[in-house]
1. Can you tell me the dipole magnitude for segment 3-297 around its Cα centre, using point charges on the Cβ only (Lys, Arg +1; Asp, Glu -1), in Debye to the nearest 20?
2. Sequence-distant or interchain residues sharing an amide H contact under 5 Å with residue 4, placed H: which?
3. Any idea what the relative contact order of the chain is, in percent, if you count C-alpha pairs under 8 Å spaced at least 6 apart?
4. Could you work out how much longer the chain between residue 205 and residue 62 gets when fully extended? Use 0.36 nm per residue separation minus the Cα distance between them, nm to one decimal.
5. From the backbone phi of segment 54-59, what are the Karplus-calculated ³J(HN,Hα) couplings (6.51 cos²θ - 1.76 cosθ + 1.60, θ = phi - 60°) in whole Hz, Gly and Pro given as x?
6. Please list the non-local residues whose amide H lies under 5 Å from the amide H of residue 51, H modeled 1.01 Å from N, same-chain partners needing a gap of 5 or more.
7. Order the peptides 238-246, 192-200, 221-229, 166-174 from the highest to the lowest mean number of other Cβ atoms within 10 Å of their residues.
8. Calculate the length of the line joining the C-alpha centroid of segment 241-290 to that of segment 79-107, in whole Å.
Amino acid sequence: MSLLVSGWIAVDEIETPFGATGASLGGSATFTLFAGALFTDVRLLAAVGPDFPASMRAQLAHPRIDISGLTTEDGTTSRWGAKYGYDLNTREDLYTHVGVNETWQPEVPAAWRDTRSAVLSAAHPYVQRELSGQLTAKRATIMDTIRFYIANWPREILEVLGEATFVTMNDGEARELTGEASIAKATRNLLERGANAVIIKLGEYGAVYATKDEYFVAPGYPLEEVIDPTGAGDAFAGAFMGYLDSVEEITAVEIRRGILYGSTVASFCVEGLGPTRLFTLTRDEVEKRYRTFRALTRVEVDG
């Protein structure tokens with residue numbers, strides 16, 4: 001079992017009404033890594049600059065995470081700052097410094113090309129396609145994107161939709177990319193443009209999964225307190241793909257279970273600032289909440 005995670009390792013600075021991180025370990029790949037490692041072995045493919053703090057590199061240490069694919073490139077480590085108000089569904093992006101990721105061209109190491117699952121986090125769509133093509137034994141891949149790439153390379157994103165098993169984005173990004181206000185119409189639009197399967201993340205309201213033959217809606221896990229929603233979508237993707245990598249066969253039922261596991265892990269992620277809750281999260285905690293989640297959504301029908 002193996003899951004490749006390609007994405008940004010960054011230094012984040014996040015402020016919410018419930019606390020602030022200061023300069024701390026972040027980036028899409030960080031959240032995805034730790035979520036995926038709850039289910040399978042994970043390989044990190046990312047780049048940082050010489051300024052990346054040794055203390056943050058040490059935080060990436062995990063028995064199921066191989067960080068030998070984390071390279072140091074000339075330039076600066078990516079940095080991102082954001083501020084949330086009491087409506088945690090919206091945020092103010094204070095700054096984004098792309099740093100080394102502006103020019104870095106990732107390549108899957110030869111010893112990793114037999115990786116069977118991959119999370120290709122937000123990057124230029126042609127880079128995502130190139131990475132997917134380097135995997136010789138892949139069973140399932142998921143491509144993510146963000147507004148930065150939608151605003152600058154929408155045509156290229158639409159061009160590579162069919163390269164992945166799953167395509168994921170949040171509801172606002174789906175509306176922006178397709179021009180459709182309705183999520184149902186937006187998912188249909190993406191499928192008609194070549195996507196094999198689409199997962200639309202709805203924040204605290206859950207997620208929608210759609211193919212040409214299926215439409216599945218998973219609610220969000222009900223939480224009374226949310227500290228920081230940063231990275232919840234990345235944690236969802238990591239847990240979803242980590243779970244699928246751990247099963248013998250990927251079936252429609254396992255995909256639905258994977259979506260529930262993704263939502264379950266994302267619900268833990270938002271309980272701490274940045275990725276801190278994922279650092280301590282255990283599989284036993286996940287399984288307990290997953291069982292509760294299933295009980296909340298189960299409907300028994302009398303014969």
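1. 620
2. Excluding prolines and chain starts, which carry no amide H, the hits are 43, 117, 118, 119.
3. 18
4. 48.4 nm
5. 4, 5, 6, 4, 5, 5
6. Result for residue 51 returns 77.
7. 238-246, 166-174, 192-200, 221-229
8. 24
Bear in mind that the values in this text are calculations on the coordinates, not laboratory data. In this text, all values refer to a predicted model and were calculated from it rather than measured experimentally. Every residue, glycine among them, receives a Cβ derived from its backbone with ideal geometry; neighbour counts consider all protein chains shown.
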